[in-house]
Amino acid sequence: MVESSALDVRSVTRDIFSASLGSVACCYTGQPFDTVKVRMQTSPSSYPSVLYTAKSIMTNEGVSAFWKGAVPTSMGMIAENAMAFGVNEALKRAFPDVGGSREDPTKRPDLVRPFLMGAVTGCCSATVLLPSEIVKAKTQVVVGSMNSSSAEVYKQMIKRQGMRSLFVGFDAQIMRDMPFYAFFFGTYELNCYLFRTYIPSMPEELNYFMSGGFAGMLGWVAAMPFDVPKTNVQASWDTRVVGSYFPELFRIARERGPLALYTGLIPTIARAFPANAALFLGVEMGKKFFDGFVWAK
């Protein structure tokens, strides 16, 4: 049956295991770039450029400040990617592409299906990622050492808004994650196919690395206009669960112009390639390790 092949225990365990390994590699590779991006998005007047922001953080707060929020981010990434890769792989097993596969690179894959499955995946992963994204956003905008840890931020959140604080900006998360994952998984499959077709001598490991890096970059280009208001909404302390996103989006576009919705694009793109290259390489290598040493077929 389709359902059993899509959700069999071994396949799901393999997806979660490999996604967890890739998530840790992704988090610690890309967190410094993400911290710069968040500062630029939430305080554009104080942090007008990438170099100025990076220099300011290093001078005033030290190198470790670039990894602010890394712990909740890595935990969130493990949960997010376990959900994202798990859902995406289950969808591919449930609705297999008969036109092409990795086992036969000469066949042209369906290039629309991965984008549609990615959008569905984004809706699912947003529900898992939301709490850690909120803690991370609030932690990253804190300047100085007083009450700046993720644990302290979490305590303040619960004190001010209760458990509701872990779900504020839910609509913002959905608006960002749907386009991101559509392009993230869609362009990864496309990139893998193109590299196998036009550079057949490329090692598979390098294919995973390059395809994942470019997929991350294209995903963020598509999602960036939705990410800026999302960041502002989640970094604020008076955000509603639903209803704060669109007013913030329109406010930014009205007061700062449409290009303001791309604030932080440069550090995001700079982060996207190495972080997502590490993510996909970690996931693919995690699958091979799982097959060889954890749960052989």
Solvent-accessible area, 1.4 Å probe, carbon plus sulfur percent, for the chain: 70 percent
37 °C / 0.692 mPa s Stokes-Einstein diffusion coefficient of the chain, Kirkwood radius on C-alpha pairs, µm²/s: 166 µm²/s
Could you report the range 111-257's accessible area per residue, 1.4 Å probe, as an integer in Å²? 43 Å²
Can you flag which of Lys68/Lys159; Lys107/Lys297; Lys37/Lys155; Lys230/Lys287 are past 28 Å Cα-Cα? Lys230/Lys287
As a Kirkwood estimate from alpha-carbon pairs, the range 162-225 has a hydrodynamic radius in angstrom of 13.2 Å
Normalised by the number of residues in the chain, what is the relative contact order in percent for Cα pairs under 8 Å and 6+ residues apart? 28 percent
Sites Ala296 and Tyr52, calculated FRET efficiency, Cβ-Cβ separation with R0 51 Å, nearest 0.05: 0.45
Any idea which of Ala275, Tyr181, Met163 is furthest toward the positive side of the dipole for the range 139-297, if Lys and Arg beta-carbons carry +1 and Asp and Glu beta-carbons -1? Met163
Mean projection area, nm², convex hull over Cα of the range 214-293: 7.2 nm²
Show me, for the range 262-268, the HN-Hα J-couplings you get by feeding each phi into the Karplus relation (A = 6.51, B = -1.76, C = 1.60, θ = phi - 60°), rounded to Hz, glycine and proline as x. 10, 4, x, 5, 4, x, 5
Once the Cβ-Cβ distance between Ser45 and Met285 is put in as r, and R0 is 35 Å, what FRET efficiency do you end up with, to the nearest 0.05? 0.20
What length, rounded to one decimal in nm, is gained on full extension from Leu166 through to Val241, with 0.36 nm per residue of separation minus their alpha-carbon distance? 26.1 nm
Say the dipole of the range 1-96 comes from +1 at the beta carbon of Lys and Arg and -1 at that of Asp and Glu; which of Ser56, Met77, Met40 then lies farthest toward its positive end? Ser56
Treating only Lys and Arg (+1) and Asp and Glu (-1) as charged, each at its beta carbon, one finds that the range 208-269 has a dipole about its Cα centre, in Debye to the nearest 20, of 100 debye
Calculated FRET efficiency, Leu206 and Cys123, Cβ-Cβ r, R0 45 Å, to nearest 0.05? 0.90
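The values are calculated or read from the model by the stated rules, or taken from the named source; none is laboratory data. All values derive from a computational prediction rather than experimental measurement. Cβ: placed from backbone, ideal geometry, glycine included. Neighbour counts: every protein chain shown. Side chains are part of the model used for accessible areas, which takes the heavy atoms of the whole protein and leaves out ligands, DNA and RNA. Shrake-Rupley method; radii C 1.70, N 1.55, O 1.52, S 1.80 Å.
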